[in-house]
Amino acid sequence: MRRPVIAGNWKMHMELDEVTNYASRFGKAISDVKDRDIIICPPFIYLRTLIEALQGTPVSIGAQMMYWEDKGAYTGEISGPMLRSIGVEYVIIGHSERRQFFGETDATVNRRVKAALRNHINPILCVGETLKQREASETFEVIDRQLTQGLEGLELKPTESIIVAYEPVWAIGTGKTATPGIAQEVHERIRNVLSSILGAKASGEIRVLYGGSVKPDNIDELMRQKDIDGALVGGASLDPDSFERIVRYKE
Ligand code: PGA
């Protein structure tokens, strides 16, 4: 059985006082949760604050990005060793907003995934098709390419793990969730592609999350799908009550 994961991606939201209020409310609210991983990915400047505020709770902290070099003259960038040194355990890589607005490519995704693993940070690799690609029946082709190129040359050591998030671009922030059927179909495809890239054993262990307008009222049905192991939640993770309800999904 794969352990479920519910991850919140705060994107570019929240100011410091909201972050501290959120942490004290949410930390108490979910303190009894044991059977699933809970991750929050805030903007870089709140990582340390959240790690301290949520110490001793079941919440782990992830970054939304990282650079692939460990150090050097790269003004504005944040490296794996820096993240690891403050206790960051996960990092989102290749989010569609990075691909769309900041020139992220499958090749740079690949470098970041490798750098994350090298620094003992678990990458959450995002893949997903645009509406145009879905309408042109290119969904599987896009997913296959993003996985094959994003994971090129990767050999997972027994202690290393990655998480994959399927986030159809047309479902992100739009209120349009993929139906559980559509999501399951792509998740099954992802599992098969992972098996051909990394082998059946690794593929059977990798958690594949769904993301795109996940809300308290659709999480239960999504989590009932065989190949959906969790969710990557944007908008609905900004409110501690709605994120708590998502964490406490009912199967
Ligand atoms: P959303 O974002 O839940 O607001 O659609 C999901 C994501 O982009 O990770």
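Here are a few things to note about the model shown:
- In the stretch 150-162, the residues that are open to solvent by less than 40 Å² (accessible area, probe 1.4 Å) and either assigned to a helix (DSSP H, G or I) or free of Cβ contacts under 8 Å to residues at least 40 places away in the same chain (or both): Gly150
- Residue within the stretch 212-222 that is among the acidic types (Asp, Glu), out of contact with any helix residue (DSSP H, G or I) (no Cβ under 8 Å at 6 or more places or on another chain) and outside any helix (DSSP H, G or I) present: yes
- The stretch 184-217: number of residues that are within 15 Å of the ligand (Cβ to nearest atom) and loosely packed, with under 15 Cβ neighbours inside 10 Å: 1
- Qualifying residue in the stretch 73-90 (condition: crowded, with 20+ Cβ neighbours inside 10 Å, within 16 Å of the ligand (Cβ to nearest atom), touching a residue at least 40 places away in the same chain (Cβ under 8 Å) and under 20 Å from Trp10 (Cα atoms)): yes
- Enumeration of residues in the stretch 1-33 that are open to solvent by 60 Å² or more (accessible area, probe 1.4 Å), assigned to a loop (DSSP other than H, G, I, E, B) and hydrophobic (A, V, I, L, M, F, W, C): Met1, Met12
- Residue match in the stretch 190-210 (condition: of a type in the set (Gly, Ala, Ser), outside any helix (DSSP H, G or I) and at pLDDT 95 or above): no
- Whichever residue in the stretch 163-183 is open to solvent by less than 30 Å² (accessible area, probe 1.4 Å) and outside any loop (DSSP other than H, G, I, E, B) and, among such residues, is farthest from Leu232 (Cα to Cα): Pro180
The values are calculated or read from the model by the stated rules, or taken from the named source; none is laboratory data. The structure presented is a predicted model; accordingly, all values stated were derived computationally and were not measured. Neighbour counts run over all protein chains shown; Cβ positions are idealised from the backbone, glycine included. Protein only, heavy atoms only, side chains kept; ligands, DNA and RNA dropped before computing areas. Shrake-Rupley method; radii C 1.70, N 1.55, O 1.52, S 1.80 Å.
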